[in-house]
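J.: Can you read through this structure? Questions will come right after.
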Amino acid sequence: MEISELKAKIEKQKEINTKLYKQIGTATHEDPRNLKAQPILKQWRKESDKLRSLLKELQEMELVKKEHDRKLKESKTFVNSFGEATKRNVTCSTYEKAQKRISKEILNFIR
């Protein structure tokens, strides 16, 4: 199952849970222990457990995707200012801009 499909299932489950929650009545003088709402409450709890499991599955899928993306970024090699090849990911935006500018200058010189 893909993340988008799982998100759609979660939205449907949220709608089901809100409908059930709105059906749960409050205790009244005639029914102080709220026995009429017990079946709906049990169903709402069961559906809430489904929602929690779907959310947990979504978190796990996103975590796996994030780790996979991180591994792909780490495998990229580049040459730093000392001329050394490294796989360390540089996050400084000014350094990345300077690298782009230098690579453009080199390409213009070669042409």
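J.: P(r) of the chain in 10 Å steps, Cα pairs, percent per bin?
T.: It works out to 11, 22, 16, 14, 13, 10, 8, 4, 1, in whole percents.
J.: Given +1 on the Cβ of Lys and Arg, -1 on the Cβ of Asp and Glu, and no further charges, what dipole in debye does segment 33-111 carry about its Cα centre, rounded to the nearest 20? Walk me through the numbers on the way to the answer.
T.: Working: 21 positive and 11 negative charges, 82 e Å.
It works out to roughly 400 debye.
J.: Taking 29 Å as the cut-off for C-alpha to C-alpha distance, list the pairs among LYS7/LYS71; LYS56/LYS97; LYS65/LYS104; LYS12/LYS66; LYS56/LYS87 that go past it.
T.: Numbers: LYS7/LYS71 25 Å; LYS56/LYS97 39 Å; LYS65/LYS104 32 Å; LYS12/LYS66 25 Å; LYS56/LYS87 33 Å.
Result: LYS56/LYS97; LYS65/LYS104; LYS56/LYS87 exceed 29 Å.
J.: Modelling each spin label as a point 7 Å along the Cα-to-Cβ direction, I'd like the GLU30/ASN108 distance in nm, to one decimal.
T.: With each label point 7 Å from Cα toward Cβ, the separation is 8.4 nm.
J.: Separate question: So how tilted is helix 38-74 from the main axis of the chain? Cα-based, degrees 0 to 90, rounded to 10.
T.: 10 degrees
All of the numbers you see were taken from the coordinates with simple rules; none came from a lab. Just so it is clear, the model here is predicted, and its values are computed rather than measured. In this analysis, Cβ positions are derived from the backbone assuming ideal geometry, glycine residues included, and neighbour counts consider all displayed protein chains.
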